[in-house]
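The next block holds one structure in the form of structure tokens; read it before the comments.
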Amino acid sequence: MTLKPTFGFDQLLFGMKQKNVEAIYGKASSSFTDEEGNLILLYNHLKARLTFYEDEEFRLGYIICSHPDVLLFEQKVIGKSFSEVKNLLSSKGYKSFEEETFDCFINYFNEDFWTILQTEFGEVIKVEVGAIVKNQDEFDWKFKA
């Protein structure tokens, strides 16, 4: 299982529709609609949450994964310290991170690659990647229908 910033997750590409995802992974373990009208699919075996944006014709635009075997640039990151993962990402062009603290969690956000690393007790527990906006109002969809 590999997260691919700006592209997607394994065989999934940003811009896919629910039917494309289900053709690969089957029916989701569960699903719901969030407060913004987006469709959320949960795949328990992947420990992944997929968000399909309502205002973008329900295209896959955001992925959250907490599976311990998930790879980011061919390395496992769940359970590692942020400084270890930051060194890896710096070598891949990540220049800076905005830091947001709430309760015992710290989120490290890189806007250029729309990546968030969430830490708890000093270890990465979750990675989030989103589709990139290529201009002020249009996503850079990697999946071409």
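The numbers here are math on the coordinates, done by the rules we state, and not lab data. All values derive from a computational prediction rather than experimental measurement. Here the Cβ is made from the backbone with ideal geometry for all residues, glycine too, and neighbour counts use every protein chain on show.
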Please list 3J(HN,Hα) in residue order for the range 120-129, calculated via the Karplus relation 6.51 cos²θ - 1.76 cosθ + 1.60 where θ = phi - 60°; whole Hz, with x for glycine and proline.
9, 6, x, 10, 5, 10, 7, 10, 10, 10
Which residues make up the longest stretch of the chain that has no trypsin sites (Lys or Arg not before Pro) in a DSSP loop with at most 12 other Cβ atoms within 10 Å?
28-91
Cα Rg over Rh - the range 2-134, Kirkwood:
0.96
Just to check I understand the Karplus step: with θ = phi - 60° and J = 6.51 cos²θ - 1.76 cosθ + 1.60, what whole-Hz values come out for the range 91-103, glycine and proline as x?
6, 9, x, 6, 8, 8, 9, 8, 10, 10, 10, 8, 6
Using alpha-carbon pairs under 8 Å, 6+ residues apart, how would you state the relative contact order of the chain in percent?
24
Restricting to the chain, compute how many DSSP beta bridges are antiparallel as a %, nearest 5.
95
Could you compute Rg(Cα) / (2.2 N^0.38 Å) for the range 79-145, with N its residue count?
1.24
Divide by every residue of the chain the summed helix terms, -39500 (n - 2.57) for each DSSP H run of at least 4, and state the resulting mean residue ellipticity at 222 nm, rounded to the nearest 500 deg cm²/dmol.
-3000 deg cm²/dmol
For the range 1-42 and the range 80-120, compute the distance between their C-alpha centroids and round to whole Å.
23
Under 5 Å between amide hydrogens, which residues at least 5 positions from N38 or on another chain qualify, with H placed 1.01 Å from N in the peptide plane?
E54
For the residues C65, C104, what sequence is obtained by ranking on other C-beta atoms within 10 Å, fewest first?
C104, C65
As straight-line cross-link partners of K144, the qualifying aspartates and glutamates (C-alpha separation under 19 Å, not fewer than 8 residues apart within one chain) are D10, E22, E54, D55, E56, E57
